[in-house]
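Asks: This is the structure I have questions about; it appears just below.
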């Protein structure tokens, strides 16, 4: 019986720690908002995993009737944390997108006022690429390469064409 309890607590703690790291890593993987390094993720997973393992073992041994409710409470906390972080990531992504769209509009005005400035077209191409507007990014990069035939502009056009 003790072996089954130990195995259950280990598996539950590992799954819980993995889910927590998955929530934290979504910031980079889904929203591209900076990375959560492996070292940080490992540290968080280790500490949370140990805490969940030890507390789960104590609850199962001391209050076996309450063990299910304790695990459900842990899962509810993890779910609430996941929803909170997802909401925060989405809000930050929307804020970044609004800033990039504002920058694109500003650069479009600058380009209209100074159509011979290759730097404006280079930056406009970068902003359009971040916004996911590949056709506009490619057109701006081609214009930058036409105005300033530097190697970096030619490479940017080539890179965007390959995508």
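Asks: Just to be sure before I move on: is residue 24 in contact with a helix residue (DSSP H, G or I) (Cβ under 9 Å, 6 or more places away or on another chain), part of a helix (DSSP H, G or I), at pLDDT below 90 and surrounded by 12 or more Cβ atoms within 10 Å (Cβ to Cβ) in the structure I sent?
Replies: It is true that residue 24 is in contact with a helix residue (DSSP H, G or I) (Cβ under 9 Å, 6 or more places away or on another chain), part of a helix (DSSP H, G or I), at pLDDT below 90 and surrounded by 12 or more Cβ atoms within 10 Å (Cβ to Cβ).
Asks: Is it true that some residue in the stretch 59-70 is under 22 Å from residue 85 (Cβ atoms) and either under 22 Å from the mean Cα position of the chain (by Cα) or not in a helix (DSSP H, G or I) (or both)?
Replies: No: the stretch 59-70 contains no residue that is under 22 Å from residue 85 (Cβ atoms) and either under 22 Å from the mean Cα position of the chain (by Cα) or not in a helix (DSSP H, G or I) (or both).
Asks: Okay, next question. So which residues in the stretch 27-57 are surrounded by 14 or more Cβ atoms within 10 Å (Cβ to Cβ) and either over 15 Å from residue 81 (Cα atoms) or without any contact (Cβ under 8 Å) to a residue 12 or more places away in the chain (or both)?
Replies: Across the stretch 27-57, the qualifying residues are 28, 31, 33, 36, 41, 49, 51, 52, 53, 55, 56, 57.
Asks: Another question, if that's okay. Would it be correct to say that residue 10 is touching a residue at least 24 places away in the same chain (Cβ under 8 Å), assigned to a helix (DSSP H, G or I) and more than 19 Å from residue 80 (Cα to Cα)?
Replies: yes
Asks: Right, next: Which condition number does residue 89 fail, the rest of (1) in contact with a helix residue (DSSP H, G or I) (Cβ under 9 Å, 6 or more places away or on another chain); (2) surrounded by 12 or more Cβ atoms within 10 Å (Cβ to Cβ); (3) free of Cβ contacts under 8 Å to residues at least 40 places away in the same chain being met?
Replies: (3)
Asks: Let me ask you something else. Among (1) within 30 Å of residue 148 (Cα to Cα); (2) surrounded by fewer than 16 Cβ atoms within 10 Å (Cβ to Cβ), which single condition is residue 107 missing?
Replies: (2)
The values are calculated or read from the model by the stated rules, or taken from the named source; none is laboratory data. Everything numeric in this text was worked out from a predicted model, so none of it was measured. For neighbour counting, all protein chains shown are included, and Cβ atoms are generated from backbone atoms with ideal geometry for every residue, glycine included.
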